[in-house]
Amino acid sequence: MRSPARTIVIYAGVALLVAWTLVPIYWLINMSLSHQAEIVQAHFIPDHPTLCNYVRIFSDTYPCKALDGSPYPAIGQATAVRQGLINSLIIAVIVTILTMAVSVPAAYAIGRLTFEGKGKLLLTIVMSRSYPPIAILIPFFSMYQKLQIQGTILGLIIIYLTLTIPLVVWILSGFFSSLPRSLERLARVDGCTPFQALYRVLIRVAMPGVTACAVIAFLTCWNEFTFALMLTPGSSAQTFPPALAAMFTNVSYPNENAAAALLALIPVMILAYLFQSRIRGLNLVDPL
Amino acid sequence: MSAAMTNRDQLATHNQNIRLVDAQKRFGNHLAVKNLNLEIIDRELLVVLGPSGCGKSTTLNLLAGLERPTNGQIYFGNEDVTKVPAEERNVSVVFQSITLYPHKNVQENILFALKLAKVPRDVQEQRLRETARLLGIDRYLSRRIHQLSGGERQRVAIAKALVKRPRLFILDEPFSSLDAELRRELRGEIVRIHRELQTTMLFVTHDQEEALSIADRIALMKQGELVQLGPALDIYEKPATSWVASFVGPHRINLLDVELGVDGDQPYVQTPAGRLLIERPIFNRVQQAASSQRVMLGLRPEFSGLSASATPGHSLPVEVYTRQHLGNEVLYHVKTDNITLRAVVPATQHFQFGDLVNFEISWNQALWFDSTSGQLLHAPSLRDGAGEQQPKAAAGIV
Ligand SMILES: Nc1ncnc2c1ncn2[C@@H]1O[C@H](COP(=O)(O)OP(=O)(O)OP(=O)(O)O)[C@@H](O)[C@H]1O
Ligand SMILES: [Mg+2]
């Protein structure tokens, strides 16, 4: 039995943690729903809630009224933000698919098979994530200039793959090797060929880990700022994070920034919602 | 090695038997299985018994096709299956650790092999019903694996193994993680299932009590080698070596280095704790078999006794050292200046620590071993009518 005092302490702690995480988001929502004119005085709940900040990101002309009845002003950077969201989505999806296609077999081989030089291979892969990514920016930049792919989606995809694949191979290989050895053996005596044992049994059992890694790969691309800032501004391949940054520096109203930032949170929240139950299965040291 | 030859000669007549012929498995420098010759008779329940690390799991992996032998052959009947992969051997295994797919429910687990083999749906369903009834798991069929208790999981694992009607059904220490009560219950189930289904079964365990309680025959392994093969009781009564005697039995056997001698007309055995007189017939048998006067005497605690009064020449003076209650019996450790002995006595007899008592020997149950090789020299017959046999032939030593 827990004493009431203890329960109270635990709940208070949880409440504090939740507040810590959610207050900034709450403030973002609050701002994004307020009129530009209201931003100077802080209200905990907008006096005149409005969706105009969101509308203006997608359309300069859709009829939307400010508090004084005049048309709601257009956002200077709306096109870039819109394009950035689309580019980010395209890049993140493609990188995630390519990452998983390469990493799952690689992680399986490293995690479950024995072969010469396996340890060194894994070390090399992990080492490639050990330096700050900015260190490889210069060589990439000059290479991309030669190849004429700076400022293209292709260029970003290539560079993002160098971030995601090592990370995912590393996590997944540990995950594969933690699964019981007898799993494939069971599959074999059940009548699976070695290949069937991999895709009919092992990958299915590893699904929570595979899913978690796909989400990690997606978010790595979605949130990536440094490379995107250096390689894409001003081009049609600019992703969302640099577009948002440009908005900060160019536009005076924080309400619009808040609305744009929240739009970027939507895919993240959808992912979290869709995969929460699968990823929760990740505490799967003993899968039974 | 002549025993192995006769083994091989018999094979032609029993062509449904499963055989390992000179099977060897090497991992790097380590020989996990050394030239193993073992025949599993069609439809028997053979228990492979041996201490941890002796190569039991490796042997079953060879039989299931999960490992290739580095040398030797494996036959299923007359067919050489040495190079046949696991998925084509029709062997079922209940493994030592995980035995089910965590991502499938009970029914999907059980039917996975049949689905892979494209068995018609109605046959699948019928087999599922039969097997579930046999194991008493009808109620759990739609549960997820993590919603089952350890015992229920093992039942499902057994059902899963049986549903495909295997040519050979292997269980690798299936109950080692379960509590004693459940273990006893499931052992009973295994014997019952074996009787009902008449499948060839190989049950692997390191628990000699478990082995004795279910086996038709026991194959005893040590360090990758077959030490003894035979009916369960034979292994207890006529252990091929002193190692077997100390491994198999409810209590660890007392092993004493002794010397045979004759004083006038009276044969005796000189133990480290004193001199014991012995009858002529037993003495003669042992002496005939022995290569020297020094032999090893094996006294099972369950056939030894303690008494307050001394019978000179037939008991050893000892001091009570520790005591362990076993229900209606008590296991005593007693000691002299240089040896410790064990004896099991009825709980009605009561001794205190430090009591000076007499360790009583029952010569009719004593085992005799060569003091250097440890090979059995003489074992009395414990069963009526069995007669005294040459121990080596009876035990089928390889
Ligand atoms: N894949 C392997 N690589 C190297 N050595 C191995 C391998 N598998 C088993 N061994 C070794 O072979 C020996 C026999 O192993 P095995 O698993 O057959 O023992 P076991 O009798 O089943 O033991 P237990 O009762 O503990 O399960 C052990 O010494 C083990 O270390
Ligand atoms: Mg084992």
Query raised in the report: How many residues does segment B:84-107 contain that are surrounded by fewer than 22 Cβ atoms within 10 Å (Cβ to Cβ), without any contact (Cβ under 8 Å) to a residue 40 or more places away in the chain and either within 13 Å of chain A (Cβ to nearest Cβ) or in contact with a strand residue (DSSP E or B) (Cβ under 9 Å, 6 or more places away or on another chain) (or both)?
Result: 7
Query raised in the report: What do you reckon, is A:L137 in contact (Cβ under 8 Å) with a residue 12 or more places away in the chain, surrounded by fewer than 20 Cβ atoms within 10 Å (Cβ to Cβ) and part of a helix (DSSP H, G or I)?
Result: yes
Query raised in the report: Would you say B:G55 is more than 8 Å from chain A (Cβ to nearest Cβ) and within 16 Å of ligand 1 (Cβ to nearest atom)?
Result: yes
Query raised in the report: Here are some residues: A:R56, A:R82. Which one is part of a helix (DSSP H, G or I), of a type in the set (D, E, K, R) and either open to solvent by less than 50 Å² (accessible area, probe 1.4 Å) or more than 30 Å from A:C221 (Cβ to Cβ) (or both)?
Result: A:R56
Query raised in the report: Can you pull out the residues in segment B:264-291 that are at pLDDT below 90 and assigned to a strand (DSSP E or B)?
Result: B:G274
Query - Where a residue in segment B:349-369 is farther than 15 Å from B:Y321 by Cα and its partner, wherever it lies, is crowded, with 16+ Cβ neighbours inside 10 Å and among the charged types (D, E, K, R), with Cβ under 8 Å and at least six apart - result: B:Q365/B:R300; B:L367/B:R300
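Identify, from the list A:L172, A:L229, the residue that is among the hydrophobic types (A, V, I, L, M, F, W, C) and open to solvent by less than 60 Å² (accessible area, probe 1.4 Å).
Working: A:L229 fails: open to solvent by less than 60 Å² (accessible area, probe 1.4 Å).
Selected residue: A:L172, the only one of A:L172, A:L229 that is among the hydrophobic types (A, V, I, L, M, F, W, C) and open to solvent by less than 60 Å² (accessible area, probe 1.4 Å).
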Query raised in the report: So which residues in segment A:178-192 are more than 7 Å from chain B (Cβ to nearest Cβ), within 19 Å of B:L114 (Cα to Cα) and open to solvent by less than 30 Å² (accessible area, probe 1.4 Å)?
Result: A:A187
Report summary line: For segment B:109-139, the count of residues that are of a type outside the set (K, R) and within 14 Å of chain A (Cβ to nearest Cβ) equals 10
Report summary line: Note on B:H251: of the conditions (1) closer than 30 Å to B:G274 by Cβ; (2) part of a strand (DSSP E or B), unmet is (2)
Query raised in the report: Counting just the residues of segment A:198-211 that are facing chain B (nearest Cβ under 8 Å) and not charged (D, E, K, R), which one comes out surrounded by the fewest Cβ atoms within 10 Å (Cβ to Cβ)?
Result: A:M207
Query raised in the report: Does B:G72 meet the test of being in contact (Cβ under 8 Å) with a residue 24 or more places away in the chain and in contact with a Gly (Cβ under 6 Å, 6 or more places away or on another chain)?
Result: no
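Here's the yes/no breakdown for (1) in a loop (DSSP other than H, G, I, E, B); (2) closer than 27 Å to B:Q266 by Cα:
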| residue | (1), (2) |
| --- | --- |
| B:E302 | no, no |
| B:L306 | no, yes |
| B:G313 | yes, yes |
| B:L316 | no, yes |
| B:E319 | no, no |
| B:Q324 | no, no |
| B:G327 | yes, no |
| B:Y332 | no, no |
Report task. Scan segment B:198-241 residue by residue and report those that are out of contact with any helix residue (DSSP H, G or I) (no Cβ under 7 Å at 6 or more places or on another chain) and among the acidic types (D, E). Result -> B:D207, B:E209, B:D216, B:E225, B:E237
**Report entry** Condition met for A:I158 (under 23 Å from the mean Cα position of the chain (by Cα), of a type outside the set (K, R) and open to solvent by 40 Å² or more (accessible area, probe 1.4 Å))
**Finding:** yes
Requested in this report: Among the residues of segment B:194-225, count how many are buried (at least 20 other Cβ atoms within 10 Å of the Cβ), within 16 Å of ligand 2 (Cβ to nearest atom) and either away from chain A (no Cβ under 14 Å) or without any contact (Cβ under 8 Å) to a residue 40 or more places away in the chain (or both).
Outcome: 9
Report task. Only residues that are touching a His at 6+ places or on another chain (Cβ under 9 Å) and more than 22 Å from B:V81 (Cβ to Cβ): list them for segment B:154-179, please. Result -> B:E173, B:S176
**Report entry** Qualifying position, being at pLDDT 90 or above, out of contact with any Cys (no Cβ under 7 Å at 6 or more places or on another chain) and under 21 Å from B:R285 (Cα atoms), among B:A343, B:A366, B:A393
**Finding:** B:A366
Report summary line: The lone condition A:L113 fails out of (1) surrounded by 12 or more Cβ atoms within 10 Å (Cβ to Cβ); (2) under 30 Å from B:K104 (Cβ atoms) is (1)
Query - Matching residues in segment B:1-18 - criterion: being surrounded by 17 or more Cβ atoms within 10 Å (Cβ to Cβ) and at pLDDT 75 or above - result: B:N17, B:I18
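If only one of A:F218, A:F195, A:F175 is more than 14 Å from chain B (Cβ to nearest Cβ) and not hydroxyl-bearing (S, T, Y), which one is it? Before the answer, list the steps.
On the way: A:F195 fails: more than 14 Å from chain B (Cβ to nearest Cβ); A:F175 fails: more than 14 Å from chain B (Cβ to nearest Cβ).
Of A:F218, A:F195, A:F175, the one residue that is more than 14 Å from chain B (Cβ to nearest Cβ) and not hydroxyl-bearing (S, T, Y) is A:F218.
Just to be sure before I move on: is A:I97 under 30 Å from A:I203 (Cβ atoms), buried (at least 18 other Cβ atoms within 10 Å of the Cβ) and either β-branched (V, I, T) or modelled with pLDDT under 90 (or both) in the structure I sent?
Values: under 30 Å from A:I203 (Cβ atoms): yes; buried (at least 18 other Cβ atoms within 10 Å of the Cβ): no; either β-branched (V, I, T) or modelled with pLDDT under 90 (or both): yes.
Against the criterion (under 30 Å from A:I203 (Cβ atoms), buried (at least 18 other Cβ atoms within 10 Å of the Cβ) and either β-branched (V, I, T) or modelled with pLDDT under 90 (or both)), A:I97 does not qualify.
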Query raised in the report: Tell me, which residue of segment B:144-190 that is touching a residue at least 60 places away in the same chain (Cβ under 8 Å) and within 16 Å of ligand 1 (Cβ to nearest atom) is surrounded by the fewest Cβ atoms within 10 Å (Cβ to Cβ)?
Result: B:S176
Report summary line: B:V191: passes all of (1) modelled with pLDDT under 95; (2) touching a Gly at 6+ places or on another chain (Cβ under 8 Å); (3) away from ligand 2 (no atom under 16 Å from the Cβ) but (2)
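The values are calculated or read from the model by the stated rules, or taken from the named source; none is laboratory data. The shown structure was predicted, so the numbers you read here are calculated from the model rather than taken from an experiment. Neighbour counts are summed over all protein chains in view; Cβ atoms, including those assigned to glycine, are modelled from backbone coordinates with ideal geometry. Heavy atoms of the whole protein, side chains included, go into the accessibility calculation; ligands, DNA and RNA do not. Shrake-Rupley method; radii C 1.70, N 1.55, O 1.52, S 1.80 Å.
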